[in-house]
Amino acid sequence: QVQLVESGGGLVQPGGSLRLSCAASGSIFSIYAMGWYRQAPGKQRELVAVITSGGSTNYADSVKGRFTISRDNAKNTVYLQMNSLKPEDTAVYYCNADVLSRGTWYRGDYWGQGTQVTVSS
């Protein structure tokens, strides 16, 4: 079993910053890409940012220049630094990881439980 646990969400004023963290644990042999998605009320879940095991990154156009994704492979943790937050960034943010499990050698996508980010004055 693999678990992803997010932290760092909350309420912030427009223009403010938040840092999300997501730690993976369990029977992990290797983690490939890790990413952050978000889902606002009434909307589909969308990709925010993704980072490969080698450190290559990709961002949604709406967050380029404001958000930065990074990872610590030794800690199996991915981060999302969010600056210059806007009300339209309000959503539940989900962590995702492409994991090869130790023992079963199953490779699949795993999701965190989500963390709420609210940008409001």
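The values are calculated or read from the model by the stated rules, or taken from the named source; none is laboratory data. In this text, all values refer to a predicted model and were calculated from it rather than measured experimentally. Virtual Cβ from ideal backbone geometry, glycine too; neighbours counted across all protein chains shown. Accessible surface areas use protein heavy atoms only, side chains included; no ligands, DNA or RNA. Shrake-Rupley method; radii C 1.70, N 1.55, O 1.52, S 1.80 Å.
Across segment 37-44, computed HN-Hα scalar couplings (Karplus, 6.51 cos²θ - 1.76 cosθ + 1.60, θ = phi - 60°) run 10, 9, 9, 8, x, x, 10, 6 Hz from first to last residue, x flagging Gly and Pro.
Beta bridges per DSSP, both residues in the chain: antiparallel share near 95 percent. Stretched out straight at 0.36 nm per residue, the stretch from TYR32 to ARG45 would grow longer than its current Cα-Cα span by 2.6 nm. With the Cα gyration tensor of segment 67-114 giving a ≥ b ≥ c as the square roots of its eigenvalues, does the rule (a/c under 1.5 for rounded; else a/b larger than b/c for prolate; else oblate) give rounded, prolate or oblate? Oblate is the answer for segment 67-114, as a/c is 1.5 or above yet b/c matches or exceeds a/b. Here LEU20 sits with roughly 0 square angstrom of accessible surface, probe radius 1.4 Å. Taking 0.36 nm per residue of separation and subtracting the current Cα-Cα distance, fully stretching the chain between SER120 and LEU11 would add 38.5 nm. Rolling a 1.4 Å probe over the protein heavy atoms of the chain, with every protein chain left in place, gives an accessible area that is 47 percent carbon and sulfur.
Under 5 Å between amide hydrogens, built in the peptide plane, is the criterion, and for ALA33 it picks out SER53, ASP98 among residues at least 5 positions away or on other chains.
Taking TYR106, TYR32, TYR59 as the candidate residues, the one with maximal mean-square fluctuation in a Gaussian network model of the chain, Cα springs under 10 Å, is TYR106. Applying the Kirkwood pairwise sum to the alpha-carbon positions of the chain produces a hydrodynamic radius of 14.5 angstrom.
Straight-line cross-link partners of LYS86 among the lysines, defined as a Cα under 19 Å from its Cα and at least 8 positions apart when in the same chain: LYS43, LYS64. Between ASP98, ASP61, ASP109, the Gaussian network model of the chain with springs among Cα atoms under 10 angstrom shows the greatest mean-square fluctuation at ASP61.
For trypsin sites (Lys or Arg not before Pro), the sites in segment 48-121 that DSSP calls loop and that have at most 12 other Cβ atoms within 10 Å are LYS64.
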